[in-house]
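Step one of this worksheet: look at the structure below.
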Amino acid sequence: MIFEVMDHPLQVLPKIIARLAGVRVLGSVHDAVRHAGEKSRILDILSRASIRSSDGILTYSSTVATEVAAQALIPAAKVHQTVHGAFGVPGTPRTRKSDADDFVVGFFGRVERYKGLSRLLEAVRILQTDGAAVTVRIDGRGALSPSERELAALVHAEHVQRWIPECEIQSVVSGYDVLALPYDEASQSGVIGYALSAGVPIVSTPVGGLAEQVDQAKAGLVAESMSSEDFASALGTMRTEEVLYENFSRSAITSARTTFSWDRVASDVVRAAESLLTGSTKSSS
């Protein structure tokens, strides 16, 4: 049996050969739909072929599981689900406390059009206009758009524009008071795992698997809508509600070791693999 952890266009042919040889293949789908700015007809064709050439598919959020099943490229009963495990350096992080007088809102990852940085910067501008001591850090490679640069200058945002190696990610995310995910669209987020491991609360937009991850972990707030005002409101609540903030931090640490642990992911993978080998149609969840 082969478990494909991350799908890749060049793996389609080996998967087909493996199945012809009688080897079962459990594939992975992280994004059932490509993000804005990443559309590619050729890659879409290869992705569909990859799903069809799998005996089963493992997804990392219910959002993606639903999208894969809706594509009808593989029977819905063969679409299995787990979570995106919590990355991070092993240890015993302490529950964090909110510092309303020096509140750092952090964004981590490649700067892409669909990640909604203008929404985050406008939300911080709203808070600063109301007198809140909020600063914003953007850690990740990629250039801001002209409008984003203008907003970033207005709120005195710090943009560390470089590729951040894996060994530094935990320390970077640990430097935030809150992890901001202002995305326009999303399947799930890997950086949430680092925030959970460090006990850093999260604020996200209500899109894709982000809300699902935040709600399952009980580690943050999901903005009421996609507006900058509602995102600012969620950030403001996180900054000023000390008890709520500490509860989110505590839940983040707990969920990194339970709901989003790699032991849980491993169990889901084994369950999905067993269903392929035995012919069972019971999905992981």
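The values are calculated or read from the model by the stated rules, or taken from the named source; none is laboratory data. This is a predicted model, so every value here is computed, not measured. Every residue, glycine among them, receives a Cβ derived from its backbone with ideal geometry; neighbour counts consider all protein chains shown. To get the accessible areas, we keep the full protein, side chains included, count just its heavy atoms, and leave off ligands, DNA and RNA. Shrake-Rupley method; radii C 1.70, N 1.55, O 1.52, S 1.80 Å.
Each row is one residue, and each column tells you yes or no for (1) touching a Pro at 6+ places or on another chain (Cβ under 7 Å); (2) among the polar types (S, T, N, Q); (3) within 14 Å of residue 118 (Cα to Cα).
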residue: 145; (1), (2), (3): no, yes, yes
residue: 160; (1), (2), (3): no, no, no
residue: 209; (1), (2), (3): no, no, no
residue: 220; (1), (2), (3): yes, no, no
residue: 236; (1), (2), (3): no, no, no
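Being open to solvent by 30 Å² or more (accessible area, probe 1.4 Å) and closer than 25 Å to residue 192 by Cβ is the filter; apply it to region 45-66 and report the residue that is modelled with the lowest pLDDT.
The initial filter retains those residues of region 45-66 that are open to solvent by 30 Å² or more (accessible area, probe 1.4 Å), namely 45-49, 52, 62-63, 66.
Narrowing the set further to residues that are closer than 25 Å to residue 192 by Cβ leaves 47, 62-63, 66.
Working: 47: 82, 62: 91, 63: 89, 66: 91.
Of everything passing the filter in region 45-66, 47 is modelled with the lowest pLDDT.
Any residue at all in region 82-101 that is touching a residue at least 60 places away in the same chain (Cβ under 8 Å), open to solvent by less than 20 Å² (accessible area, probe 1.4 Å) and not in a loop (DSSP other than H, G, I, E, B)?
No.
Consider residue 42 carefully, then state whether it is of a type in the set (A, V, I, L, M, F, W, C), under 24 Å from residue 265 (Cα atoms) and either open to solvent by less than 70 Å² (accessible area, probe 1.4 Å) or in a helix (DSSP H, G or I) (or both).
On the way: of a type in the set (A, V, I, L, M, F, W, C): yes; under 24 Å from residue 265 (Cα atoms): no; either open to solvent by less than 70 Å² (accessible area, probe 1.4 Å) or in a helix (DSSP H, G or I) (or both): yes.
Taking the combined requirement at face value, the residue does not satisfy it.
List the helices (runs of 4 or more DSSP H) inside region 112-210, counting only whole elements, that have at least 1 residues being of a type in the set (D, E, K, R) and surrounded by 19 or more Cβ atoms within 10 Å (Cβ to Cβ).
Working: elements: 117-129, 146-154, 166-174, 191-198.
It comes to 117-129, 146-154.
Of the numbered conditions (1) of a type in the set (A, V, I, L, M, F, W, C); (2) surrounded by 18 or more Cβ atoms within 10 Å (Cβ to Cβ); (3) more than 19 Å from residue 208 (Cβ to Cβ), residue 260 fails exactly one; give the number of that condition.
Just one mismatch for residue 260, condition (3).
Here are some residues: 222, 214. Which one is crowded, with 24+ Cβ neighbours inside 10 Å, touching a strand residue (DSSP E or B) at 6+ places or on another chain (Cβ under 6 Å) and not polar (S, T, N, Q)? I'd like the intermediate steps shown before the answer.
Working: 222 fails: crowded, with 24+ Cβ neighbours inside 10 Å.
214 is the lone residue from the list that is crowded, with 24+ Cβ neighbours inside 10 Å, touching a strand residue (DSSP E or B) at 6+ places or on another chain (Cβ under 6 Å) and not polar (S, T, N, Q).
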